[in-house]
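These notes are about the structure you will find just below.
The values are calculated or read from the model by the stated rules, or taken from the named source; none is laboratory data. Everything numeric in this text was worked out from a predicted model, so none of it was measured. Cβ placement follows ideal geometry from the backbone for every residue including glycine, while neighbour counts extend to all protein chains displayed. Heavy atoms of the whole protein, side chains included, go into the accessibility calculation; ligands, DNA and RNA do not. Shrake-Rupley method; radii C 1.70, N 1.55, O 1.52, S 1.80 Å.
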Amino acid sequence: MNQVHIRQYQPSDRAAVRRINYETAFLGYAPKLFDSPELVADGLTLYFTDWEPESCFVIEDQGRVVGYVMGTKDVRKMECLMRWW
């Protein structure tokens, strides 16, 4: 069994996080429900990757991003910014 590594998110991880998000969103049904991976990923990850990356972490397995964890320190700020998205 490989050991995974959790580390701070970096801008170079953005494409992998967005891909994983689209593939797994809505219990994995996002690709069947939505034709636009960009729209889904924007709605679910944009705030975290672009506005609060210090609260994002990625999970690596053998140097490949295989998962992520995102959170926010200020829900009101997130809601305010995403309201305009």
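The table below gives the values:
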item: Filter pass, Ile6 being touching a strand residue (DSSP E or B) at 6+ places or on another chain (Cβ under 6 Å) and either of a type in the set (A, V, I, L, M, F, W, C) or open to solvent by less than 60 Å² (accessible area, probe 1.4 Å) (or both); result: yes
item: Every residue from region 9-34 that is farther than 16 Å from Val66 by Cβ, in contact (Cβ under 8 Å) with a residue 24 or more places away in the chain and surrounded by 11 or more Cβ atoms within 10 Å (Cβ to Cβ); result: none
item: Region 35-77, subset without any contact (Cβ under 8 Å) to a residue 24 or more places away in the chain and among the β-branched types (Val, Ile, Thr), residue most open to solvent (accessible area, probe 1.4 Å); result: Val75
item: Flag if Asp61 is closer than 13 Å to Ile6 by Cα, at pLDDT 90 or above and of a type outside the set (S, T, N, Q); result: yes
item: Search result, residues across region 52-85 that are closer than 18 Å to Ala15 by Cβ and part of a helix (DSSP H, G or I); result: Pro53
